[in-house]
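Quick note: the coordinates plus some simple rules give every number you see, no bench work behind them. Since the model is a prediction, treat every value here as computed from it, not as a measurement. Cβ sites come from the backbone with ideal geometry, for glycine too, and all protein chains shown count toward neighbours.
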Amino acid sequence: MNTRHNRSGDAPSSELVPADATAPDPLALARALLNATSDAVVVTDADRRITAYNRRYAEIWGFPPGLLDSADHRAAVRAIAAKFDEPDKLIAGVDAIDASAPAQSYDVLYLTDGRSFERFSEALVIDGRPAGRVWSFRDVTDRGLADEARSRLAAIVESSDDAIISKTLEGVIVTWNTGAQRTFGYTADEIVGKSVLTLIPPDRQHEEPIILSRIRSGQRIDHYETSRVRKDGVLIDVSLTVSPVKDSSGRIIGVSKIARDISEVKRAAVERERLLADERAARAEAERVSVVKDEFLATLSHELRTPLNAILGWVQILRSHPITDPDVNEALIVIERSTRVQTQLIDDLLDMSRIISGKLRLDVQRVDLADVIRAAVASVRHAAEARNIRLQIILDTVAGPVRGDPNRLQQCFWNLLTNAIKFTPKGGRVQVALERVNSHIEACVVDSGQGIEREFLPHVFERFRQADASTTRRHGGLGLGLSIVKNLVEFHGGTVSARSDGPGTGATFCIELPLMAADSDKAAPDRQHPRATSFASAPTEHPSLDGVTVLAVDDEPDARELLRRILEECGARVVLAASADDGLAAVRRERPDMIVSDIGMPGKDGYSFIRNVRQLSADEGGRTPAAAFTAFARAEDRMRALHAGFQTHLAKPADAAELTAVVASLATRREPT
């Protein structure tokens, strides 16, 4: 501002006098211009006194009107210094400018309230002589914040792993970050200014016009998966997010695109699908193998039990007649004992298969463990007596009940007792003790046998593990009995342990089972548990079947003949049928009191046969009691037989007395005609 304020009131110099009397007063015009600007302006003279200022200057620094007229500029600076982050620096800076009197100066000042101002000063020259300075201040707070935001955004864009690209509405690349260089291989100098089609493979270039069309209409495209090509020609999978760029008026002026390389994600997804497919195939194969294994074991059981049934049945028939030759009698005893051992090996294999596959089921009920132990001891007493081994039983009869499957618990004790007898020399001792210990019941089988090596003791309950597995071992077996005991006891919530001080010191096996809760004891019905036929001693007396007609259906001639012989010796009239169709015709024709049928038969099996029988009317024999007498001895075979229409299921081989007892209990005697 090339003028000085005349503080004396004299007329201004002639150069400020308008040539035209009607023109505005130049001084008034200058003042109007000062007040019209948004910048804060103050003018100082050579003595550093304020000669002019505008309203904006007084407002931003908080000076009352008129206070600054002819004021000392240094005093004004000191008054406003407290508003700045570095007040001393502000004062020193003003003094330095006044002292050096540069033609122009520029800097940025920062206030304590977060605002920032650009300060500009210019030397005032009148008639060629220094006449003071003009100072102006411009609020650039918003611009500083915007610059800061832009800088921060730029830093974020530059540090991003994603490719962040902007382009024109014609598809020309404008900006290119470091992530884009890593993703596509081009530097900014190589790609900026080129068409984005450079990055799009030929078979995908039809996508670009569609994307630009949607952007021009104001749409945003999120996570669009497609393919792009790198500088080296390698195709990569990318996920695109494309947005319109708008100016301050809302007009779309460009395109912003974020591209994320998802090649690894895609490859991982393909690999995951492959692994899942492999896992599904492996699981299906495992299930198929499991089914095949179950079918094989069922077939194996059937094929082994069928001849064992004939052996055991005929041995029992022979033993039921007087035999004068002691050698023959002893031979029959050995054959029967061997048959039962063979049967037990088959049962062990099936039980272990059920345990491993998780198909073992327990018939849980209230159990008096003392009764279970007595039954187990009774089933092995003959074997102990044959070896002159003394059996001792010490039972706490008030130890309390447990909850469990009586047959399975009896199986556990039978296995332990059988092992103890097998490994105890003649003249030895086997003791069974039952007592209550705190909140559980403990039952121990103690023998005076050969004992267990300390090294083998930790492995005694493992499947197929035997202390002596050599070809010269003294005792047979598959090494499954103790493993089955461990699993069955754990299914009952108990534990089993083995102790031995080494060879020749005997062994102790203890089963611990939790006591049945008192309220459960009251709530549980008292059920007499069935005696486990596999381990109980065989009945010696056969019931009378006089007047009973029994239909025996079996495709095996030996099995039919055995059934006929056993039942006829008890007085029954036996009708034989070699197939399901023959059996159905015999039911209609003979109206038997009882049916004993095999399951595995060619053509129609026993399940189909009994279903056909149950479809008959009562007058035709549709309600005739029936027992499945079969070598299919699994639990699922028993359930299937009962569901098909049989009243009971009897596994081969069975004692003759057991068979006749079942027939007697189910047969309906026909009234004499």
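Observations on the structure shown:
- The Cα atoms of region 146-235 give a gyration tensor whose axes a ≥ b ≥ c have a/c of 1.5 or more with a/b no greater than b/c, which makes the shape oblate.
- Stretch gain in nm, segment Leu111-Arg429, where the contour uses 0.36 nm per residue and the Cα spacing is subtracted: 104.1 nm
- Charge dipole (debye, nearest 20) of region 14-144; +1 at Cβ of Lys and Arg, -1 at Cβ of Asp and Glu: 180 debye
- Angle between the chain longest axis and helix 656-666 axis [Cα atoms, degrees, rounded to 10]: 80 degrees
- Region 41-177, relative contact order [Cα under 8 Å, separation at least 6], %: 18 percent
- Considering only beta bridges that DSSP places wholly inside region 549-666, some 0 percent are antiparallel.
- Helix 557-569 and the long axis of the chain differ in direction by around 60°, with both axes built from C-alpha atoms.
- Of the peptides 102-114, 589-601, 555-567, the order by per-residue mean of other Cβ atoms within 10 Å, starting with the highest, comes out as 589-601, 555-567, 102-114.
- Listed by chain and number, the lysines whose alpha-carbon sits under 27 Å from that of Lys89, ignoring those within fewer than 8 places in the same chain, form an empty set.
- Order of His382, His492 under a 10 Å beta carbon neighbour criterion, fewest first: His382, His492
- Each Cα pair under 8 Å and six or more residues apart adds its sequence gap; the mean of these over the residue count of region 361-523 is a relative contact order of 25 percent.
- Expressed in units of 2.2 N^0.38 Å, where N is the residue count, the Cα radius of gyration of the chain is 2.04.
- Pairs of Cα atoms nearer than 8 Å and 6+ residues apart set the relative contact order; for the chain it is 8 percent.
- Cβ-to-Cβ counts within 10 Å put Leu482, Leu345 in ascending order as Leu345, Leu482, the fewest first.
- Förster radius 45 Å - calculated FRET efficiency between Asp363 and Asp222 (Cβ-Cβ, nearest 0.05): 0.15
- Candidate aspartates and glutamates - alpha carbon under 16 Å from Lys167, same-chain residues fewer than 8 apart omitted: Asp189, Glu190, Glu207, Glu208, Asp247
- Sorted by Cβ density within 10 Å, fewest first, the residues Arg387, Arg283: Arg283, Arg387
- For the chain, the longest principal axis of the alpha carbon atoms and the long axis of helix 141-159 meet at an angle near 40°.
- Two-site FRET efficiency, Glu285 against Glu207, from Cβ-Cβ distance with R₀ of 41 Å, rounded to 0.05: 0.40
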